[in-house]
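Laboratory data are not the source of any read-out in this text; all were calculated from the coordinates shown. Not measured: the values here are computed from a predicted model. A quick note on method: Cβ atoms are made from the backbone with ideal geometry, for glycine too, and the neighbour counts reach across all protein chains shown.
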Amino acid sequence: MGVNPCGVVAFLAVLATGLFASRAEAHFQLIHTPEVNPSKPGDLPLGLIFWHPFENGHAMDMGPLLDLYAVHRGKKIDLKDSLEPMTFQGASNTAQAFRATLPVRRAGDYVLVAVPTPYLEPSEDLYIQQITKAYVNLSELPTDWADIQGLKTEIRPLNKPTNILAGSTFTGQVLSEGKPVAGAEIEVEFMAAEPLPGENKAGTPVAAPPPGGSVVALSDDQGYFTFGIPTAGFWGFAALGTGPDKEYEGKELSQDAVLWIRAHDFTNPTAE
């Protein structure tokens with residue numbers, strides 16, 4: 001798939017604190033499963049956590065999920081019946097989270113979508129709702145990963161999100177009600193502390209956030225942005241306030257689009 005050259009030129013991976021109107025902390029909604037490229041069909045565990053995974057920071061209580069589903073070969077698979085509440089243990093606190101199950105039966109992509117209840121951030125007196133997408137693929141068959149899902153706001157991937165190469169780039173397009181968002185502020189997050197499967201807690205961080213605050217990129221006039229992926233692991237992108245809904249229960253609402261990708265190290269088995 002071709003990449004809009006303006007998006008590449010507009011690569012603005014800015015380490016910023018206060019340069020843009022970013023929130024004080026990088027809140028990130030997770031849809032996490034340890035293996036996004038399973039080797040065989042089966043039921044994959046999902047963890048839904050609202051957290052700061054780069055620094056294994058503060059975890060936030062999640063309210064009821066408004067929607068949770070997967071899209072496979074264009075068909076919607078409702079996952080709400082598999083939801084179970086759990087208590088997630090971060091480094092500094094515990095928080096209400098959820099576990100769920102994704103049934104992987106046929107080859108192809110599974111586009112995971114979570115729509116959480118807006119979260120009230122007391123320190124900023126506003127609500128945050130992060131409409132989140134993540135991806136699983138079985139048998140290397142591409143089917144759905146590049147499709148727009150028709151969400152209020154979303155990031156459309158232009159690179160297959162389950163096998164980005166560390167050291168390469170990732171390009172996405174920020175959309176609001178299907179239309180490109182120019183000048184969107186996108187916070188970038190590395191899942192340095194990955195949740196431990198079956199243990200409801202965070203693992204040991206393998207990296208620390210860089211100095212200067214949140215890593216930030218801006219979209220170009222067609223909504224495209226490109227970010228260089230320096231290391232393997234899970235990377236998240238949150239386009240802040242790009243949704244059409246701006247108020248919830250009488251307070252300001254930041255309706256964000258979140259996308260998670262998985263990067264892998266490149267190895268050459270023929271190299272000496």
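The calculated P(r) of the range 5-264, using every Cα pair and 10 Å bins from 0, goes 7, 33, 40, 18, 1 in percent. Each Cα pair under 8 Å and six or more residues apart adds its sequence gap; the mean of these over the residue count of the range 5-264 is a relative contact order of 24 percent.
Using bins of 10 Å that start at zero, the share of Cα-Cα pairs per bin across the range 158-268 amounts to 13, 38, 33, 15, 1, 0, in whole %. Relative to one another, the C-alpha centroids of the range 232-271 and the range 30-78 are positioned 13 Å apart.
Distances between every pair of Cα atoms in the range 73-138, grouped in 5 Å steps from 0 to the bin holding the largest one, split as 4, 12, 17, 22, 19, 12, 8, 4, 2 percent. Ordering TYR110, TYR127, TYR69 from the fewest to the most neighbouring beta carbons within 10 Å gives TYR69, TYR127, TYR110.
When DSSP beta bridges are restricted to pairs lying wholly in the chain, around 90% turn out antiparallel. Note on THR101 and THR87: the model spin-label points, each 7 Å out from Cα along the C-beta direction, lie 2.4 nm apart. Hey, with R₀ at 22 Å, roughly what FRET efficiency would ALA208 and SER123 work out to, going by the Cβ-Cβ distance, to 0.05? Plugging the Cβ-Cβ distance into 1/(1 + (r/R0)^6) gives 0.45.
Simple spin-label estimate for ASP221 and ALA146 gives 2.5 nm between the two label positions (7 Å along the Cα-to-Cβ direction from each Cα). The gain in end-to-end length when the LEU165 to LEU65 segment is fully stretched comes to 32.8 nm, 0.36 nm per residue minus the alpha carbon separation.
Ranking VAL36, THR143, HIS52 by how far each Cα lies toward the positive end of the dipole of the range 5-264 (charges on Cβ) leaves THR143 at the top.
Using 0.36 nm per residue and subtracting the Cα-Cα separation, the extra length available between SER139 and ASN37 on full extension is 36.0 nm. Using Cα positions and a limit of under 22 Å, work out the lysines in reach of LYS179, with same-chain residues fewer than 8 apart set aside. Straight-distance partners of LYS179: LYS133, LYS152, LYS160, LYS246. Note on ARG262, ARG99: ascending count of other Cβ atoms within 10 Å places them as ARG99, ARG262, the fewest first.
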